[in-house]
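See structure below.
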Amino acid sequence: MSRVLVVAAVDVEARGLARHLGLTRTAGTTDLRYHGLGLDLACAGPRALHLGRLTDLARTASLVVSAGTCGALASHLAAGDLVVPDTVLTLGGCRYVLPRRSGLSQAGALLSVDHVVETAQSKARLWQDTAALAVDMESATIVEWAETLGLPAIVIRGVSDTATHGVPATLADIVDGDGRTRTRRAVWAVFSQPRTLPRALALRRGTAAALRAGAAALRALSGSINSEPVNESGGRGAPRRSRGAPNAGGFGGRPEPPMYSVARVATEQGVIRTGGAEEEASSARRVVGSAVRGLAVTGRSPWTLPEHAGRDADEPRPARS
């Protein structure tokens, strides 16, 4: 049976995808790994710095998927939208043309950078310079790693934050170098900078919606992996790579017109709706107090998606009797 290696960056992504897909935690390893449905899911850390730990899984894989969340650069993308690009770009001038996979609508470009994009202004500049639909920090590294192993690679990402919002450094710092969310860092980020709380709540909701979208696409992929061959129009096996300016092409040096590969998937189910930033800000004190009480009782950050099978992260917990 052909297996697919799904590579996420951080524990929140891996746990969320595994929960929605109904995967089983792999025993006998200290790394965060899951399996099922012909998929092997593992973390490579932010910027995919720990791909070397996944070499054993790559030996049995016929396809590598960079999966998880991304930030929108295109203004029409909303949290929970699905981005399945046909090209991955880097600011250093690399362009990876990804192989086609039956059952997925692949189009447009995703940009990989080596830093967190903190502001909407930075996102606007990246969109203007590259015409990429969205941005992440891992896909180019994952695709290049798969290429060195002679494996084809594709990207399936859900949008967690829109083009009008970046990810503040204080929130990005709650994840350590191994991709694990640190509870104390999360609570300290809110206490030290209370104004980040509405953004943290919005990012949490966006991440939950993004992972549901990504899991739906992965489920569809796993159902077709053994019956549908890879379309080789994107290159035999590994992706094609070229160098040059990210927006170089047949458009007189201008960014190529963006081709949209977007599908709304379950953005309304299980997502907490509020009256907006004003209402969230007014409830900040109550939420922080709840976070501290939860930390004292469970040791779990309120921004870590829980591993409760069959229940979405934003779904209310049943009341205790």
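In region 65-122, of all residues being in a loop (DSSP other than H, G, I, E, B) and without any contact (Cβ under 8 Å) to a residue 60 or more places away in the chain, the one that is nearest to residue 142 (Cα to Cα) corresponds to 113.
Looking across region 114-124 at every residue that is under 23 Å from residue 65 (Cβ atoms) and surrounded by fewer than 20 Cβ atoms within 10 Å (Cβ to Cβ), the one that is modelled with the highest pLDDT is identified as 114. Sub-6 Å Cβ pairs linking a first residue in region 179-206 that is within 19 Å of residue 72 (Cα to Cα) and modelled with pLDDT of 70 or more to a second residue that is assigned to a helix (DSSP H, G or I) and among the charged types (D, E, K, R), at least 6 apart or interchain, are 198/280; 201/280, ordered by first then second residue.
Restricting attention to region 19-44, the residues that are more than 16 Å from residue 211 (Cα to Cα) and in contact with a His (Cβ under 9 Å, 6 or more places away or on another chain) total 5. Which of the following residues is surrounded by fewer than 23 Cβ atoms within 10 Å (Cβ to Cβ), of a type outside the set (Ser, Thr, Tyr), under 20 Å from residue 79 (Cβ atoms) and modelled with pLDDT of 95 or more: 145, 127? 127 is the lone residue from the list that is surrounded by fewer than 23 Cβ atoms within 10 Å (Cβ to Cβ), of a type outside the set (Ser, Thr, Tyr), under 20 Å from residue 79 (Cβ atoms) and modelled with pLDDT of 95 or more.
Looking only at region 20-59, which residues are in a loop (DSSP other than H, G, I, E, B) and under 17 Å from the mean Cα position of the chain (by Cα)? Give the derivation first.
Step one: list which residues in region 20-59 are in a loop (DSSP other than H, G, I, E, B), which gives 22-23, 26-32, 37-38, 44-45, 49-50, 59.
Once the filter is applied, which keeps residues that are in a loop (DSSP other than H, G, I, E, B) and under 17 Å from the mean Cα position of the chain (by Cα), region 20-59 yields 32, 44, 45, 49, 50.
Quick test of your reading of the structure: residue 67 fulfils all but one of (1) under 27 Å from residue 196 (Cα atoms); (2) of a type in the set (A, V, I, L, M); (3) touching a Ser or Thr at 6+ places or on another chain (Cβ under 8 Å). Name the failing condition by number. Every listed condition holds for residue 67 apart from (3). Here residue 15 fulfils each of the conditions (1) farther than 28 Å from residue 204 by Cβ; (2) surrounded by 22 or more Cβ atoms within 10 Å (Cβ to Cβ); (3) not hydroxyl-bearing (Ser, Thr, Tyr) apart from (1). Just one residue in the set 142, 154 is within 20 Å of residue 52 (Cα to Cα), in contact (Cβ under 8 Å) with a residue 40 or more places away in the chain and in a strand (DSSP E or B); that residue is 154.
The values are calculated or read from the model by the stated rules, or taken from the named source; none is laboratory data. Please read these numbers as outputs of a predicted model, since none were measured by experiment. Please note: Cβ atoms are built from the backbone with ideal geometry, for glycine as well, and neighbour counts cover all protein chains shown.
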